[in-house]
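To start, the structure under review is shown below, and the notes come after it.
Every number here is computed from the coordinates shown, using simple stated rules; none is lab data. Keep in mind the model is a prediction, meaning the values are calculated, not measured. For neighbour counting, all protein chains shown are included, and Cβ atoms are generated from backbone atoms with ideal geometry for every residue, glycine included.
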């Protein structure tokens with residue numbers, strides 16, 4: 001009985017040590033809350049502010065929350081002036097037309113919500129911005 005108890009205690013100690021070792025080796029995951037700015041000739045006022053929010057962002061995927069890629073996503077959507085879901089740079093962007101549209105006189109106001117999800121991590125990065133397009 002004493003040998004079985006010692007064997008079980010040894011096995012539990014090994015499991016505890018292994019779990020502590022892997023927890024320490026895991027990369028730290030971060031939270032992102034920032035804003036990026038870009039310009040577009042298609043937008044009234046030309047300036048667009050993009051709100052970037054992320055949780056569980058792995059260090060290997062932190063670059064997708066940087067303004068360089070965020071602005072690339074926004075510029076692609078703004079140049080196309082699309083009102084249907086689009087995937088670009090790993091982000092799935094869904095537009096919502098708020099005002100205007102085909103056959104109306106008022107300018108078209110569109111809200112974009114974009115989501116990036118990590119393939120092998122729990123990374124989630126969201127982009128949100130609203131623009132009013134020029135009717136020219």
Cβ-Cβ FRET estimate between residue 71 and residue 104, R0 fixed at 35 Å, reported to 0.05: 0.75
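Mind ordering 49-56, 70-77 by average Cβ neighbours within 10 Å, highest first?
Working: 49-56: 16.9, 70-77: 19.9.
My ranking of the peptides, most packed first, is 70-77, 49-56.
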Two-site FRET efficiency, residue 56 against residue 84, from Cβ-Cβ distance with R₀ of 41 Å, rounded to 0.05: 0.90
